[in-house]
Structure formats: structure tokens, C-alpha cells
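Engineer: Please read through the structure below; I'll follow up with questions.
What follows draws every value from the coordinates through simple rules; no lab data is involved. A quick note: this is a predicted structure, and the numbers were derived from the prediction, not measured. Using ideal geometry, Cβ is built from the backbone for each residue, glycine included, and neighbour counts are taken over all protein chains shown.
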Amino acid sequence: MQRDLRLDNVGRRYGLRGPWVLRAVNLAIAPGTLTRVEGANGTGKSTLLRLLAGIDAPTEGRITGRPRTAYVPERFPSALPFTAVGYLTHLGTVHGLSRASATRAAHACLERFGAAAYARTPMAQLSKGSSQKVAVAQALLAEPEFLVLDEAWTGLDEDARAELERAVAERTAVGASVVFVDHDPSRLAGVPDVICTVRDGGVNRRTEHPTSPAAGPRTVVVAQGPRGGALPAETAGLPLTTLEETTAGTYRITVPASHSDVLLRALLMSRPPWHVVAVGSEETP
């Protein structure tokens with residue numbers, strides 16, 4: 001069973017006499033949770049994410065329980081001696097896939113984020129947006145148990161941004177944990193389980209109230225299934241806003257729009273499958 005990732009009295013500074021960026025940070029990231037990190041520019045958000053991802057080591061304190069982790073940095077080093085598909089294939093083999101399986105997974109990831117046309121393009125020749133798609137693809141390639149996203153939506157087009165939100169929903173639905181920073185306050189609004197605010201070298205953690213109405217766009221699904229409100233087990237990790245049995249065996253389910261595809265897939269792939277009657281949009285007042 002996956003453990004919490006824990007930071008115990010963690011501090012980080014750069015250089016022996018440098019100022020402390022973070023200090024006395026105590027934090028636990030539970031499996032299956034979505035955590036948003038907030039804070040003004042320069043407060044240490046990226047430093048916190050690098051510590052969580054294992055890119056940086058703490059200057060003091062310790063970090064335990066880190067699962068298989070993937071990281072999308074704010075600035076991805078695009079000038080690498082690979083094509084896009086070559087880079088992803090190489091990473092796939094590092095993760096233990098055969099070369100053929102790694103190549104298939106690489107092409108699938110590029111296709112998912114709208115970068116298939118650039119599969120054979122050298123990384124150094126990619127635009128910023130295309131390079132960012134490769135950065136996201138490499139993080140999702142091995143289906144990580146812990147995903148760290150530092151401004152990962154920056155530079156992506158609208159379709160790719162929506163796809164990344166769906167990927168976040170998929171990871172948390174299967175029990176992985178995700179931590180993200182994004183400059184857009186509406187990003188995954190109403191979905192995070194935890195908000196961490198970085199201020200004055202410390203991290204303040206607060207749990208979002210599970211019954212508070214989700215902000216941002218929502219999707220309404222009307223579906224038919226067993227009586228009594230028992231949704232498929234695959235939906236257990238989804239942040240459902242409402243679940244109402246309107247008539248015997250017919251349900252009205254409201255979910256944040258970013259998680260609607262995961263809900264629909266769970267309903268349609270359950271055994272026996274549910275029948276989806278209607279799908280619509282609902283905007284939060």
C-alpha cells in the first residue's frame with residue numbers, strides 16, 4: 001500500500017550562507033489527492049515542488065515515502081540530442097519498457113497532446129508550445145504514482161490544456177497523487193483536496209471542504225444503472241458535486257468538467273455498463 005509522502009522539518013537554501021527559501025516545513029501528501037500550491041512570485045513555490053519531486057535535496061530535515069514520481073518543470077530543457085519520439089522512447093526504456101513498447105507509448109502520448117506531427121522533429125527545433133507538450137508527455141509516459149506540475153499548462157494550446165486536466169483526473173482517480181502550481185486561479189477550480197500556501201518561508205496547508213460547491217465549469221451526466229445509488233468502484237476517487245437518483249435507476253451526476261471524461265469512461269466500462277442518457281454543461285454562478 002502506498003504511503004504518504006512526508007516532509008518533516010524540511011528547509012532549503014542555496015549555498016552555505018544563502019538565505020533560507022523554505023524552513024520548518026511539515027507536510028504530508030496522501031495517495032489519491034490533488035494539491036494546489038499557491039503563493040506570490042518568489043516565495044518558494046518552485047523550490048517546494050522540486051523538493052517534492054526529488055530534484056532538490058533538503059538542506060535540513062528529511063523527506064520520506066516518495067513513490068514513483070514524474071515532474072514537469074516550469075522550463076523544460078528542449079535543446080536535447082533527440083527527436084521528440086526518440087526522447088520519449090529513451091525514457092520509456094529507462095522506465096523498463098521494451099523498445100517497441102516504449103515507441104508505441106511515445107507515439108500515443110504525442111498523439112494525445114496534439115504533437116504527433118512533430119514526432120521526428122529534433123527537440124532543439126521545437127517551438128515552446130510543442131516542447132511543453134513533450135515535457136508533459138514524458139511525465140505521463142510511465143503512469144506515475146506521484147505527479148508534480150510546475151506551471152505545466154503554460155505554453156499549451158487550449159486542447160492540450162484540457163487534455164492535461166483530464167490526465168490529472170485520471171491519475172487521481174486511480175490513486176495517484178498530484179501537486180500543481182498554475183498562475184490561472186481557475187485551473188481545476190473546486191477540485192483540489194488540499195491548498196498549500198507558501199509564505200515567509202513556510203507552508204500553510206488547508207483542506208478544502210468536501211461539501212462546498214465546486215467553482216468553475218461543471219458537467220451534468222444523466223445515466224441509468226442499478227437502483228440505490230451505487231456508482232461503479234472506479235468513480236470512488238472523483239470529486240462528484242451532486243449525485244441524485246431522480247427516478248428508480250436513473251441518476252443525475254454533476255462533476256467538474258475536467259473530470260467528466262473519467263466519469264463517463266467509468267460508467268461505460270463498468271460490468272454491466274451503465275447507459276448514459278444525456279451529457280450537458282452547467283456553469284457555476
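Engineer: State to the nearest 20 debye the size of the charge dipole of segment 217-283 about its Cα centre, where the only charges are +1 on K and R beta carbons and -1 on D and E beta carbons.
Structural biologist: Value, rounded to 20: 200 debye.
Engineer: As I understand it, the dipole of segment 217-283 uses +1 on the Cβ of Lys and Arg and -1 on the Cβ of Asp and Glu, about the Cα centre. Which of His275, Gly237, Tyr251 lies farthest toward its positive end?
Structural biologist: His275
Engineer: Suppose every K and R has +1 on its Cβ and every D and E has -1 on its Cβ; what is the size of the dipole of the chain about the Cα centre, in Debye to the nearest 20?
Structural biologist: Roughly 880 debye, rounded to the nearest 20.
Engineer: Still on this model: Write out the chymotrypsin sites (Phe, Trp or Tyr not before Pro) in segment 1-93 meeting two conditions: DSSP loop, and at most 13 other Cβ atoms within 10 Å of their Cβ.
Structural biologist: Answer by residue number: Tyr14.
Engineer: For segment 101-141, divide the Cα radius of gyration by the Kirkwood radius and give the resulting Rg/Rh value with two decimals.
Structural biologist: Ratio of gyration radius to Kirkwood radius: 0.92.
Engineer: Something else: Per 5 Å bin from zero, what fraction in whole % of the C-alpha pairs of segment 217-283 is there, up to the bin with the longest pair?
Structural biologist: With 5 Å bins starting at 0, P(r) equals 4, 19, 33, 29, 12, 2, 0.
Engineer: Give me a comma-separated list of calculated 3J(HN,Hα) values for segment 10-16, in order, Karplus coefficients 6.51, -1.76, 1.60 applied at θ = phi - 60°, integers in Hz, x for any Gly or Pro.
Structural biologist: 7, x, 8, 9, 10, x, 5
Engineer: Report, to the nearest 10°, how far helix 99-112 tilts away from the longest principal axis of the Cα atoms in the chain, using its own Cα long axis and a range of 0 to 90°.
Structural biologist: 70
Engineer: To continue, here is another question. Placing +1 on the Cβ of each Lys and Arg and -1 on the Cβ of each Asp and Glu in segment 105-165, which of Pro144, Val134, Ala162 has its Cα farthest towards the positive end of the resulting dipole?
Structural biologist: Val134
Engineer: Okay, next question. Kindly provide the pair-distance distribution of segment 1-129 built from C-alpha pairs, with 5 Å bins from 0 and whole-percent values in order of increasing distance.
Structural biologist: For segment 1-129, the binned pair fractions read 2, 9, 15, 16, 15, 14, 14, 11, 4, 1 percent.
Engineer: Under 8 Å for C-alpha pairs, at least 6 residues apart: give me the relative contact order for segment 217-283, rounded to a whole percent.
Structural biologist: 48
Engineer: I would also like to ask the following. If only Cα atoms are counted, what is the Rg of the chain, and what is its Dmax, in Å?
Structural biologist: Radius of gyration, then largest Cα-Cα span, for the chain: 20.0, 68 Å.
Engineer: Here's another thing I want to ask about it. Could you work out the helix-only [θ] at 222 nm for the chain, with each DSSP H run of four or more residues adding -39,500 (n - 2.57) and the total divided by the number of residues, to the nearest 500 deg cm²/dmol?
Structural biologist: Helix contribution divided over all residues of the chain: -8000 deg cm²/dmol.
Engineer: When Rg is the radius of gyration of the Cα atoms in segment 175-275 and Rh is its Kirkwood radius, what does Rg/Rh come to?
Structural biologist: Taking Rg over the Kirkwood Rh, I get 1.05.
Engineer: Related question: Among Lys45, Lys128, Lys133, what is the fewest-to-most ranking by other Cβ atoms within 10 Å?
Structural biologist: Final ranking by Cβ density, sparse to dense: Lys128, Lys45, Lys133.
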